[in-house]
Structure formats: C-alpha cells, structure tokens
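Have a look at the structure below, then the notes.
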Amino acid sequence: MRIALFGAPGSGKGTQAEILVAKHGIPQISTGDLLRAAVADGTELGKQAKAAMDAGELVSDDLVIGMIRERLEAADTANGFILDGFPRSLPQAEGLDDLLASLERPLQCVIHLQVDNEEVVQRLLARGRGDDTEDTIRNRLSVFDDQTQPLIDYYRDQGKLEAVPGQGSVDEINARIEAHLPA
Ligand code: AP5
C-alpha cells in the first residue's frame, strides 16, 4: 500500500498515520519528523532547514526530495509506505513521481484531510510545538494555500485524490480513510 496523507497543518496527518502504521504494518514517512530529527541532531541538513521551519516556510524542494529519496530506498518500504506531509509543492510531487517510477512502485492514493482553518488553529495552539505560535500557524496555513493546494488538481487529474472530512473523532476519521485505501 503506497499512499500519501495530504492536508493543512493540524489536519491530523500525523495522528492518522500512526493508526495506519499500527493497522497495516507499513512505515510512516513524515518529512516534518525527519527534518525535526535532523535539526535536533545538528546535521548539515538540519542547519539548512531550521530557519524555514521556525518561520513556517517550506524547506527547499531539493533538500526534501533528497531526504525522501534516501528514505524510500530503505528496505522497510518494500511492502509500502504512508507519506505524511510530503509532497507539498509541485516540484516535490513531480520529483516523487519520477522517483517512484524508477522504483516501479507508483503512488496509489492521496488522502486529503479537510479541516476548517479555525479548527486547525485551535488544535495547534492547544498542542504547542515550537512552530505552533499563532503567527507561525497563520503563515503555515498561507504557505499551504499558495504552494500546496495546487497538488489537489495535480492528483485529481491523476485520479488518485480522495477527499476525507477531517473533523470528528480520530476513530471516525480513520474509518473514512480506510474506506478509500487500496486493497
Ligand atoms: P510538519 O511536521 O509536516 O507539520 P504540519 O504539516 O504543519 O503538520 P502538523 O504536524 O502540524 O499537523 P498534522 O496534520 O500532522 O496533524 P497532527 O496529527 O499532528 O511540518 C513542519 C515544518 O517542516 C513545515 O512548516 C516546513 O517548514 C517543514 N516541512 C515538513 N515537510 C516539508 C516538505 N515536504 N517540504 C518542505 N518543508 C517541509 O494533529 C495536530 C493536533 O491536532 C494534535 O495535537 C492532535 O492531537 C490533534 N488532532 C488530531 N486529530 C484530531 C481530531 N480528529 N480532533 C481533534 N484534534 C485532533
């Protein structure tokens, strides 16, 4: 099963990915988690990513695509993967398609978790991660609108987009996602 969870900051991608990992036994690949680990480890990649992350901007496509290429080549992705927070720009989506074509493992489905902006602001303020301040959240939402929303048409044109209402209980949303997953 090769899927991507797509949605605004705070739409529940990470929460739902964890449940899917437990149910389906395939890894979650979160670019946000990989980048935060690189920042914590003080790697060169982490140093280059930190300022963009703190401001709620996207880290450069080249860095993120390189990181994903390395991760997708790892043995634990042989039976599939759940992408969480990647891709989030057109160059990333095109880079992913090229990479997966070379591996002969195309993406099957993109789940779009749809949540109102005011709800995600409330969720993220309550969570309080380093980049969950009101200004940074608003910037992340505006970056999502400008750079990530175009992927909706990209994946709709490929016939891979599945819209899932992302408000309600975590279990209800999981059941909605499961209904769209490839066999
Ligand atoms: P990233 O870590 O991907 O953050 P994000 O997209 O802003 O997503 P979040 O982790 O904030 O939210 P989520 O949708 O996973 O929701 P969650 O389940 O956590 O990215 C951080 C930064 O890294 C970016 O700003 C960028 O700088 C950089 N970056 C990452 N990927 C990149 C890429 N591909 N290209 C370039 N740069 C990149 O839930 C949020 C909260 O809501 C939690 O507290 C949760 O408990 C709660 N919640 C979840 N579900 C529900 C529910 N149903 N009801 C009520 N509350 C809920």
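None of the figures in this text is laboratory data; all of them are computed from the coordinates on show. Source: prediction; values computed, not measured. With ideal geometry, Cβ positions are generated from the backbone for all residues, glycine too; neighbour counts draw on all protein chains shown.
Okay, here's what the table says:
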quantity: Neighbour-limited loop hits for GluC sites (Glu not before Pro), the range 1-85 (at most 12 other Cβ within 10 Å; DSSP other than H, G, I, E, B); calculated: Glu73
quantity: Contour minus Cα-Cα distance for Ala175 and Asp145 (0.36 nm per residue); calculated: 8.1 nm
quantity: For the range 84-100, 3J(HN,Hα) per residue [Karplus equation, 6.51 cos²θ - 1.76 cosθ + 1.60, θ = phi - 60°, Hz, x = Gly/Pro]; calculated: 10, x, 8, x, 9, 8, 4, x, 5, 5, 5, x, 5, 4, 4, 5, 5
quantity: Amide H contacts of Asp84 (H built 1.01 Å from N, under 5 Å, at least 5 apart or other chain); calculated: Leu5, Ile29, Ser30, Thr31
quantity: Sorted by Cβ density within 10 Å, fewest first, the residues Ser11, Ser89, Ser60; calculated: Ser60, Ser89, Ser11
quantity: Estimated vicinal HN-Hα couplings, Hz - the range 174-183 in sequence order (Karplus 6.51, -1.76, 1.60; Gly, Pro = x); calculated: 4, 5, 5, 5, 3, 5, 9, 6, x, 5
quantity: Selection of trypsin sites (Lys or Arg not before Pro), the range 70-147, meeting DSSP coil and at most 16 other Cβ within 10 Å; calculated: Arg129
quantity: Chain lengthening between Thr43 and Gln122 when straightened (0.36 nm per residue, less Cα-Cα); calculated: 25.2 nm
quantity: Computed over the chain: relative contact order in percent, which uses C-alpha pairs under 8 Å that are six or more apart; calculated: 34 percent
quantity: Residue-wise HN-Hα coupling along the range 126-138, computed from phi with Karplus coefficients 6.51, -1.76, 1.60 (Hz; x: Gly, Pro); calculated: 6, 6, x, 5, x, 9, 9, 8, 4, 4, 5, 4, 4
quantity: Value of [θ]222 nm, deg cm²/dmol, for the chain, DSSP H segments ≥ 4, -39500 (n - 2.57) each, nearest 500; calculated: -16000 deg cm²/dmol
quantity: Sites matching GluC sites (Glu not before Pro) across the range 90-177 that sit in DSSP coil, with at most 15 neighbouring C-beta atoms within 10 Å; calculated: Glu104
quantity: Expected-Rg normalisation [2.2 N^0.38 Å, Cα atoms] applied to the range 97-162; calculated: 1.42
quantity: Residue exposure sequence - Lys50, Lys13 - by fewest surrounding Cβ within 10 Å; calculated: Lys50, Lys13
quantity: Extension reserve of the Arg129-Met1 stretch, reckoned as 0.36 nm per residue once the Cα distance is removed; calculated: 43.1 nm
